[in-house]
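The values are calculated or read from the model by the stated rules, or taken from the named source; none is laboratory data. Not measured: the values here are computed from a predicted model. Note that each Cβ is placed from the backbone with ideal geometry, even for glycine, and that neighbours are counted across all protein chains shown. SASA here: full protein model, heavy atoms, side chains in, ligands and nucleic acids out. Shrake-Rupley method; radii C 1.70, N 1.55, O 1.52, S 1.80 Å.
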Amino acid sequence: MEERYGEDLAYIHDAGFGGFALGTAPGILAVLRENEIGDGLVVDMGCGSGIFARKLVETGYRVLGIDISGAMTDLAQERVPEAEFRVASPFEAEIPPCAAVTSIGECLNHLLDPTNDERTLARLFRRVYDAVDPGGVFVFDLLEPGQLPVGTTARGFTEGEGWTVLVEKEEDSERKTLTRRIITFRRVGDHYRRSDGTHRVRLYDATEVASELRQVGFEFRITDSYGHYRLPETHPVFVARKPV
């Protein structure tokens, strides 16, 4: 069972699920402008296939993208040859001095790196705080508990040109985890190739995340959108700023 984004799932995610990165980009770029960050290095954690990185580069920023999936960073490097991409867990990767750090699309929830827990997340906040310039920002979103009604299982599918993906989701309210069982079919020549995977995410209470940000020293606000791009109630956005 594939736990990370392999070749086919990376391709399908890029081809059919890039709307989140495109939709959130204007709001994040507005946050950078509001904080007078007009240039410099942006570290994009969980960069995926580089859709958001492309927008950053087009706006004049330098970009370092970090993703645990080599299949994703291969797509990203092809899309944004001007940027640098590294295969690493966001929780272990070196974060160089930078103007801003971003992590969109619930990347910090993922248990693709099994070391991810509350303490690991708190350590990441400290490392980001130490890396960003005074006045720099850390923009990210996280999933909270309550993604599904208690005791239910959600099933669905999405299809595009030459591919189909089926997903079954279950939430464990006691462990605060969400499990997604994923089956993909991708056309290769005259046939379809099947891949199976299981992805788990850890669900965080926004109040606990806020407490960790405060202890590190960030000023922050919690919102339900990236600009005009609204997220579900249990998917908050955090805009954290390192004081000058």
Review point. Excluding ligands, DNA and RNA, what is the solvent-accessible area per residue of the chain at a probe of 1.4 Å, expressed in Å²?
Key: 49
Point to revise | Mean residue ellipticity (222 nm) of the chain, computed from DSSP H runs ≥ 4 via -39,500 (n - 2.57), nearest 500 | key: -9000 deg cm²/dmol
**Study point:** Listed candidates [x] 35, 19, 16; [y] 23, 22, 17; [z] 28, 22, 16 - label of the one calculated as semi-axes √(5λ) of the Cα gyration tensor in Å
**Key:** [z]
Revision key, fill the gap. Taking r as the C-beta separation of TYR192 and ALA154 and R0 as 22 Å, the FRET efficiency to the nearest 0.05 is 0.35
Exercise for review: May I have the extent of the alpha carbons of region 178-244 along their three principal axes, as whole Å values ordered from largest to smallest?
Suggested key: 58, 26, 25
Revision key, fill the gap. Rg/Rh of region 38-136 (Cα atoms, Kirkwood Rh), to two decimals, equals 0.95
Revision key, fill the gap. Sorted largest first, the C-alpha extents of region 78-124 along its principal axes in whole angstrom are 34, 23, 17
**Study point:** Normalised contact order of region 162-244, rounded percent, pairs of Cα under 8 Å and 6 or more residues apart
**Key:** 19
**Study point:** Full-extension gain in nm, GLU219 to LEU166, via 0.36 nm per residue minus C-alpha separation
**Key:** 15.1 nm
Check your understanding: ILE104: net charge of surrounding residues, Cβ under 10 Å, Lys/Arg +1, Asp/Glu -1, itself excluded?
Key -> -3
Revision key, fill the gap. Env charge @ SER211, Cβ radius under 12 Å, K,R +1 / D,E -1, value -3
Check your understanding: Put +1 on the Cβ of each Lys and Arg and -1 on the Cβ of each Asp and Glu in the chain; which of CYS98, GLY18, LEU148 then has its Cα farthest toward the positive end of the dipole?
Key -> LEU148
**Study point:** Descending principal axes extents, region 127-244, alpha-carbon based, whole Å
**Key:** 59, 36, 28
Review point. Modelled label-to-label distance, ILE183 and TYR229, 7 Å Cα→beta-carbon offset: nm?
Key: 3.1
Point to revise | Within the accessible area of the chain (1.4 Å probe), percent carbon and sulfur | key: 48
Exercise for review: Taking the Cβ of PHE20 as the centre, find all other residues whose Cβ is under 10 Å away and add up their charges (Lys, Arg: +1; Asp, Glu: -1).
Suggested key: -2
